[in-house]
Structure formats: structure tokens, C-alpha cells
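Structure record follows, encoded as C-alpha cells.
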Amino acid sequence: MPLRLAVETAFPTVSVALDANGTLLEPGVDLSARRAAGLHAAVADLVHQADATVKNLDEVWVDVGPGSYTGLRVGIALVRTLAELVDVEIKTLRSTDQLARAVQGQMADHADFVVCLDARRNRWYCARYRVASDGLELVEAPTCLTPEELHTTASGAEAVVTNGAAPPLDLPVIDAAVPSAGSLFELAHLARVDPEPAPIYLMAPV
Amino acid sequence: MLGIETSCDETAVAIVRNARDVLSSVVHSQVALHAPYGGVVPEVAGRSHLDRILPFYRSALAKAGLTADQLDAIAVTHRPGLIGCLLVGLSVAKTLALTLELPLIGVDHIQAHVDAAFLAEPESELPLLALVASGGHTSLYLVRERGHAERLGATRDDAAGEALDKAAAMLGLGYPGGPALERAAANGNRSAVTFKRVLLAPDSLDFSFSGVKTALLYHLRGPGCVRPLPDLDKAARADLAASFQEAVMDTLVRKLALAAARTDARTVAIGGGVARNTRLRELLADDATLKGRHLVFPPLDLCSDNAAMIAGLGGYLLAQGKRDPLALEAVAKGI
């Protein structure tokens, strides 16, 4: 079994997890305090608990957004630097994948739904998913939309999933819990192998 | 010692041996990225740091002829600076320290500017009096023990470099303003306009540059800014640039001289981006109070933001036994 690290920094709550030979080690604490100052120490603690070092890692899974720009950069800088020094495979997932997974069990088979996150400046990050027979299907990748564009993308969807502010849509709202790093491992079919992960910004910096 | 600097708009990595020998120092300036906005945009800076930091890490190693396993420690700027920028460098530095199992040393960016004097001239005698002047900082420090600079005074409003940048913008000289103003000033008459030197109380070692900036604005637009900015010909712009630069540099020198007279400093040094200014260096070399003290003018690439100064001070602190935890924080404010 591979030794797999997961890093989640796209959301206001920051977490890491380690899959050590099938045993999920997750500190269960929010690492966002002091601008995620404890993130790297938490990684060190996890691999130590597994009687390993970061050099023993086989895979690193990371959420590349969209989400907190600064959070994404901290997590991705960690992952890229690890890959610079250790022969690891990097697997990336989207923050919207995480929220979609969190509510998948509440949706009917073949239901379409959108996942929306507040992008500020009156914009919304939005992705569309479908509950397929073999798992979650990404129908439309995340984009950054105005409220008007949001209506078009959400047309025909059965619900809107969010984490925080509700978007201006006339759909049932499902407020998903903040996802943890460990749940990234449950999204293998949506994960992409990416040796040089980059944040999904979707908006110009200014 | 590998050093990393990402506190503002320069991405820099350097390798320094024994806190004095610079084996490599690579710097990526983001000036071109920020020029369209007329100033540093933190989000633009943060994105660029992430894009550049690892290629520059590889470049620093290659230029030094080293591999990662030959490093002894990692030093990183953790204060002061733009938080989103500091965090990129910190994340890389922490991961290097964790993976390579090396000590991590957090370095104060301003302390490192002061310490650049020891990279330029390792035998500099203490106490050392330093002026650090840049777009974000203008302060005087006294160093009795290397790595422990005591602040004697600081600007109460604009930094010297910030005033130069804003004056350059008023004169239509472009961005970055400090170097543009200096180029324009080279052909101007520095006595054309006498801008008041704001020295605050006679014994104060603090600075204030907002007044001289406003004086230039009123000179151009009249008291209360009743006129639009005039169309200046090249000669008029040069004269104003030279006069304004003279006021700022003269103020810096007077304060440094006042501090020198009040301390037992044997060495006087300058650092920060404004320390690249040729007129400042001329005035310092000619100042009667400073004569008799050893003046250290670091090379230009050690004055503006760089990682050699981070690795240099980091190396010294390592030798003194300093170690920082992986939970080292980024802090916006410095000493």
C-alpha cells in the first residue's frame, strides 16, 4: 500500500491527512490559525506517527481550488517543493469536487446539481456535477460567473451546494460541511496526475 | 546556507557560505509586472513568487555548483512584508527544511538589510550605525552585537523611497519612481527649488517625508491643488527631480550624521533600495560628521531586496545556535 499525503488549503479550514498502508491518520484539527503556520509541522507529525519520513511518501494529493488564493499558494508551494526533492506522484482535485462529494449521498441518482463558492466582487465559482451510477461525474468544470451567468449554468439543476454564502439562485440550497484533507482520497476517479500543480484562480489578480 | 526572500516584489534565492561568502544569488524583479498599476499589487506579487521560486532555487544551486544534499540550513524572510508573499517563501523553506532534515532560520528582512554591511565588509567594526531606506522602510539602527539591531528612529509617515516614487509619479517619470527620478535628476539643477528639510525636533532621529512630497505637489498645482498638473518640459522636470531628490537625500544624511554624533559607532552603513542612489552616497562621503568613521556602501545588488543578505544573517544566527520551529509564522511588521 502506498504512503499518501493529502493537503487541503482551499477552504477557511486547513487540514492534512496521511493514508499509511490503508490507515487514515488525520489530526482532526483546523490548521488555519496564524495563517496556517502549523501546516508543515502537522505533516511532520503525521509521517512521524507512521514511522516514516516525507521521503517515504509515494503520493501527494492536493486541492488546487478555486478558493483562498493565499491558502492555495501555501499548500501548492509545499507540494511542489516536496516533489522537487522526493519522487512522489502528485494528484490534484478541485475544491468543488470536495463539496460535491460531501453531499453526494443526499442527491438522487442521475441528479444534476451545481456547486457554488463565493468568489467576492459579486462573482461566483461554479461547477456542475451529476450523480452517475458509477460515482460523481463532473459535467462542467469550475468557472467564475456573474449572477446572471450563474442562472444559465444552473439551469435544470436540482440543487445548489455551497459552503458559506448562498448564491442568488432559485434552487434548494445544501450547505456542505467544510471538507477535510482525508476526503480527497475518496475522489480518486476525479483526480488528475499533475507533476506541477497550479492554483485554479479563475479571476485576474486585479 | 540557502536563503529565500519573498517579502515584497522580488523573488530571490541565494547560497552563502560561512555567513560571508556569496556562492550564488539570483533575484527576479517583478517591476515589469507591477508597472501597469504604478505600485506593488500584493496578489500579482504572490502569484509571481509561486511561479518563480522553485526555478530560482534550482538556479541558485546550479550557480553555486551544489546539490540540495550539500546544504546545511535554510534561512527565510519571515518578517516584515506582504503576508501573502512571505507565506510562499516560508512554505518552500519549511518544506525544504522538513524534507532535507535541516535547521530552519527565520530572518527579519530589515535586520538582514543592516547585516548586508558584513557581507560587503566582513571585518566591519562594531558598533555599527545603519540607515535602511527603501520604498517600505526608512529607519536608523545601532548594532552592538551582530544580528541584534536596535532601532533609533524611523519614519513617521512615508518611507524615503515611497516619497521618491510619488514624486516621480507627479513628474510623469514612470515606475519604478526612485530610479526614474534619479535618472532625471542627473541633468537637473538641485538648487532650482529649495524644498524644506523636515527634521522634526532638533534631537529627533525620526523622519518625515510627507511634507516634502506635499511641497512638490503644491509647487506643481498651487496651494490647495487649485491647478491641474502642468506640462513640464524636460529641463523643468530635471530641475524639480534634482531639487526633490536633494531634499530627501540631504534629510537622510543629516539624520544619519546626528545619530553618528550621538553614538559611539565606529562603522556607518547604508542599506535598502534607496541606498543605491548615487547622490546619497556622494553626500554621505562628503559629510564632515561622518568622516573618521568607516563608511560601508554595500554593492548595489546587496542594497535592494536579495536573498544573500538573508542567507548571510541566517548563517550567522545559525552559528549562534538559533533554530526556528516548522511552525514559524509570517509577520507583517518587523523590528
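The values are calculated or read from the model by the stated rules, or taken from the named source; none is laboratory data. Keep in mind that this is a model prediction, so the values were computed, not measured. Virtual Cβ from ideal backbone geometry, glycine too; neighbours counted across all protein chains shown. We work out accessible area using only protein heavy atoms, side chains counted, and drop any ligands, DNA or RNA first. Shrake-Rupley method; radii C 1.70, N 1.55, O 1.52, S 1.80 Å.
Considering only residues that are outside any loop (DSSP other than H, G, I, E, B) and in contact with a strand residue (DSSP E or B) (Cβ under 9 Å, 6 or more places away or on another chain), which ones fall in region A:48-70? Please lay out each step first, then the result.
First, the residues of region A:48-70 that are outside any loop (DSSP other than H, G, I, E, B): A:48-49, A:54-56, A:59-63, A:69-70.
Within region A:48-70, A:49, A:54, A:56, A:59, A:60, A:61, A:62, A:63 meet the criteria.
Take residue A:70 and decide whether it is within 12 Å of chain B (Cβ to nearest Cβ), open to solvent by 30 Å² or more (accessible area, probe 1.4 Å) and β-branched (Val, Ile, Thr).
On the way: within 12 Å of chain B (Cβ to nearest Cβ): yes; open to solvent by 30 Å² or more (accessible area, probe 1.4 Å): yes; β-branched (Val, Ile, Thr): yes.
Yes; evaluated as a whole, the condition is true for this residue.
Show the residue pairs that are 6+ apart or on different chains and have beta-carbon atoms under 9 Å apart, the first residue being within region A:83-106 and at positive phi and in a helix (DSSP H, G or I), the second being surrounded by 24 or more Cβ atoms within 10 Å (Cβ to Cβ) and of a type in the set (S, T, N, Q).
none
Go through the residues of region B:247-264 one by one and say whether even a single one is more than 19 Å from residue B:159 (Cβ to Cβ), touching an Asp or Glu at 6+ places or on another chain (Cβ under 6 Å) and not aliphatic (A, V, I, L, M).
No, that holds for no residue.
Could you list, in sequence order, the residues of region A:13-40 that are within 14 Å of chain B (Cβ to nearest Cβ) and of a type in the set (S, T, N, Q)?
A:32 - this is the single residue of region A:13-40 that is within 14 Å of chain B (Cβ to nearest Cβ) and of a type in the set (S, T, N, Q).
Please specify each residue of region A:84-109 satisfying the condition of being more than 9 Å from chain B (Cβ to nearest Cβ) and aliphatic (A, V, I, L, M).
Of region A:84-109, the ones more than 9 Å from chain B (Cβ to nearest Cβ) are A:87-109.
Of everything in region A:84-109, those that are more than 9 Å from chain B (Cβ to nearest Cβ) and aliphatic (A, V, I, L, M) turn out to be A:88, A:90, A:93, A:99, A:100, A:102, A:103, A:107, A:108.
Per-residue answers, yes or no, for (1) assigned to a helix (DSSP H, G or I); (2) surrounded by 24 or more Cβ atoms within 10 Å (Cβ to Cβ); (3) in contact with a Cys (Cβ under 7 Å, 6 or more places away or on another chain):
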{"residue": "B:81", "(1), (2), (3)": "no, yes, yes"}
{"residue": "B:86", "(1), (2), (3)": "yes, yes, no"}
{"residue": "B:91", "(1), (2), (3)": "yes, yes, no"}
{"residue": "B:110", "(1), (2), (3)": "yes, yes, no"}
{"residue": "B:114", "(1), (2), (3)": "yes, yes, no"}
{"residue": "B:124", "(1), (2), (3)": "no, no, no"}
{"residue": "B:135", "(1), (2), (3)": "no, yes, no"}
{"residue": "B:139", "(1), (2), (3)": "no, yes, no"}
{"residue": "B:142", "(1), (2), (3)": "no, no, no"}
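Is it the case that residue A:169 is more than 21 Å from residue A:78 (Cβ to Cβ) and open to solvent by less than 50 Å² (accessible area, probe 1.4 Å)? Full working, then the answer.
Working: more than 21 Å from residue A:78 (Cβ to Cβ): yes; open to solvent by less than 50 Å² (accessible area, probe 1.4 Å): yes.
So residue A:169 fits the description; yes.
Go through region B:2-77 and tell me which strands (runs of 3 or more DSSP E), entirely inside it, have 3 or more residues that are open to solvent by less than 10 Å² (accessible area, probe 1.4 Å) and of a type in the set (A, V, I, L, M, F, W, C). Talk me through it step by step, then tell me what you get.
Numbers: elements: B:2-5, B:10-17, B:21-29.
Answer list for region B:2-77: B:10-17.
This table checks each residue for (1) among the aliphatic types (A, V, I, L, M); (2) in the same structural domain as residue B:200 (by TED's automatic domain parsing).
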| residue | (1), (2) |
| --- | --- |
| B:119 | yes, no |
| B:129 | yes, yes |
| B:132 | yes, yes |
| B:155 | no, yes |
| B:171 | yes, yes |
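Does at least one position in region B:276-284 carry a residue that is over 19 Å from residue B:213 (Cβ atoms), in the same structural domain as residue B:185 (by TED's automatic domain parsing) and in contact with a Ser or Thr (Cβ under 8 Å, 6 or more places away or on another chain)? Spell out how you get there, then give the answer.
First pass over region B:276-284, keeping only residues over 19 Å from residue B:213 (Cβ atoms): B:276, B:278, B:281-284.
Imposing the further condition that a residue be in the same structural domain as residue B:185 (by TED's automatic domain parsing) reduces the set to B:276, B:278, B:281-284.
With the extra rule that they be in contact with a Ser or Thr (Cβ under 8 Å, 6 or more places away or on another chain), the set shrinks to B:276.
The answer is yes, given that some residue of region B:276-284 is over 19 Å from residue B:213 (Cβ atoms), in the same structural domain as residue B:185 (by TED's automatic domain parsing) and in contact with a Ser or Thr (Cβ under 8 Å, 6 or more places away or on another chain).
What are the residues in region A:43-53 that are surrounded by fewer than 24 Cβ atoms within 10 Å (Cβ to Cβ), of a type in the set (A, V, I, L, M, F, W, C) and either within 12 Å of chain B (Cβ to nearest Cβ) or in contact with a Ser or Thr (Cβ under 6 Å, 6 or more places away or on another chain) (or both), if any?
Within region A:43-53, A:44, A:46, A:47 meet the criteria.
Suppose we filter B:300, B:290, B:328, B:258 for residues that are open to solvent by 10 Å² or more (accessible area, probe 1.4 Å) and closer than 20 Å to residue B:118 by Cα; which single one remains?
Details: B:290 fails: open to solvent by 10 Å² or more (accessible area, probe 1.4 Å); B:328 fails: closer than 20 Å to residue B:118 by Cα; B:258 fails: closer than 20 Å to residue B:118 by Cα.
It is B:300.
Restricting attention to region B:169-209, which residues are open to solvent by 50 Å² or more (accessible area, probe 1.4 Å), closer than 20 Å to residue B:137 by Cβ and among the hydroxyl-bearing types (Ser, Thr, Tyr)?
B:175
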